[in-house]
1. When both residues are 6+ apart or on different chains and their Cβ atoms are under 6 Å apart, which pairs have a first residue that lies in the range 24-35 and is closer than 12 Å to PHE78 by Cα, and a second that is of a type in the set (A, V, I, L, M, F, W, C) and open to solvent by less than 30 Å² (accessible area, probe 1.4 Å)?
2. If you go through the range 119-145 one residue at a time, how many are at pLDDT below 65 and loosely packed, with under 14 Cβ neighbours inside 10 Å?
3. For the list (1) in contact with a helix residue (DSSP H, G or I) (Cβ under 8 Å, 6 or more places away or on another chain); (2) modelled with pLDDT of 90 or more, I need the number of the one condition that ASN74 fails.
4. Working carefully through the options ARG44, ARG54, find the one that is without any contact (Cβ under 8 Å) to a residue 40 or more places away in the chain and open to solvent by 80 Å² or more (accessible area, probe 1.4 Å).
Amino acid sequence: MFYTILEIFFISFLFNFILYLWYRFYLNPKMTETILLIRKYEDRISSITSNKRRNKVMRAISSEVQTYTNKLRNYMFFQSLTVIMVYMVGLVIVLNYIYPSYVYFPYSTIVTPPINGKPEINNLFVYILSFLLFTPLSLRRPKLL
């Protein structure tokens with residue numbers, strides 16, 4: 001019964017680790033490159049001292065900056081959406097393939113309601129807690145912001 005909880009934690013950790021690797025080797029370089037391009041345009045604007053020239057340059061490059069900003073937002077949205085999809089896949093696995101759906105949990109009768117006279121905890125509750133525990137691993141952002 002304790003192994004059921006460990007299985008759930010392992011599944012959650014495995015999915016979050018896969019998401020971390022996907023982020024680390026695919027999304028992070030793209031997001032970092034986009035942030036550096038936005039920063040390059042901001043540095044270009046801040047180096048101009050004349051207000052007239054600054055406004056002219058801002059109008060000229062505003063569409064490019066907006067494009068890169070939208071691209072960065074899309075990467076962040078894609079990362080969050082992927083985390084939600086992987087979470088749902090793990091949820092289906094936990095609820096359909098890990099038995100029993102309730103695990104004996106002898107230490108707390110307050111948190112877990114008794115079922116058949118024994119305090120038991122739902123796999124769904126354990127999965128949600130384990131995914132929350134490992135989510136900081138999968139939802140990382142570049143340190144350049």
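The values are calculated or read from the model by the stated rules, or taken from the named source; none is laboratory data. The model shown is predicted, which means the values in this text are computed figures rather than measured ones. Neighbour counts are summed over all protein chains in view; Cβ atoms, including those assigned to glycine, are modelled from backbone coordinates with ideal geometry. Each accessible area value is taken on the protein alone, full model and side chains, heavy atoms only, with ligands, DNA and RNA left out. Shrake-Rupley method; radii C 1.70, N 1.55, O 1.52, S 1.80 Å.
1. Nothing qualifies.
2. The number of residues fulfilling the criteria is 2.
3. Of the numbered conditions (1) in contact with a helix residue (DSSP H, G or I) (Cβ under 8 Å, 6 or more places away or on another chain); (2) modelled with pLDDT of 90 or more, the odd one out for ASN74 is (1).
4. Details: ARG54 fails: open to solvent by 80 Å² or more (accessible area, probe 1.4 Å).
Selected residue: ARG44, the only one of ARG44, ARG54 that is without any contact (Cβ under 8 Å) to a residue 40 or more places away in the chain and open to solvent by 80 Å² or more (accessible area, probe 1.4 Å).
For every residue, the table says whether it meets (1) open to solvent by less than 70 Å² (accessible area, probe 1.4 Å); (2) among the small types (Gly, Ala, Ser); (3) at pLDDT below 90; (4) more than 30 Å from ASN96 (Cβ to Cβ).
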position: MET1; (1), (2), (3), (4): no, no, yes, no
position: ILE5; (1), (2), (3), (4): yes, no, yes, no
position: TYR20; (1), (2), (3), (4): yes, no, no, no
position: PHE25; (1), (2), (3), (4): no, no, no, yes
position: ILE35; (1), (2), (3), (4): yes, no, no, yes
position: SER50; (1), (2), (3), (4): yes, yes, yes, yes
position: GLU64; (1), (2), (3), (4): no, no, no, yes
